[in-house]
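What follows is calculated from the coordinates using simple rules that are stated; it is not laboratory data. Since we're looking at a predicted model, the values are computed, not measured. Neighbour counts are summed over all protein chains in view; Cβ atoms, including those assigned to glycine, are modelled from backbone coordinates with ideal geometry.
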Amino acid sequence: MHFRKRRKPTNFFVTLEVNRVSFELRLTDITPEGARLQGPHEVVDGTKGVLTVRGKTFEGTLKWVDEDKIGFEFDKPLPADIYALLAHEKRPSAKRQRVFS
């Protein structure tokens, strides 16, 4: 996969649920097909998970795991309007702000 050119840097918190355990992680970049997450976790690659962003949930697979980073691949590409909103959010305080109505 060659998504590096399409990655958009972001900087806000999301929730990843894996095997009924939730982790609050920072979303550090995103493409329509996946996201890079950072923060403390106890997960392994190949596991299915649910990413919650601004009250919206997205199912996917943990494609790679490295210390405090996770590569998350969405089961379905993000809709263009949702991707556009998320790709332009870069403020750490965005966690408290509504992006979706």
Checklist line | Relative contact order for region 4-93, counting Cα pairs under 8 Å that sit 6 or more residues apart, in percent | finding: 30 percent
Checklist line | Volume per residue of the C-alpha convex hull in region 1-69, rounded to whole Å³ | finding: 88 Å³
Item checked: Distance (nanometres) between label positions extended 7 Å along Cα→Cβ at D81 and E24 -> 2.9 nm
Checklist line | Extension gain, R54 back to H88 (0.36 nm per residue minus Cα-Cα distance, nm) | finding: 10.9 nm
Item checked: Net charge, P77 excluded, C-beta distance under 15 Å - Lys, Arg +1, Asp, Glu -1 -> +1
Note to self: Give me the one-decimal nm value for the distance between modelled label points at E33 and T47, 7 Å along each residue's Cα-to-Cβ direction.
What the structure shows: 2.4 nm
Check: Counting other Cβ atoms within 10 Å, which trypsin sites (Lys or Arg not before Pro) in region 1-73 have at most 15 and lie in a DSSP loop?
Finding: R7, R20
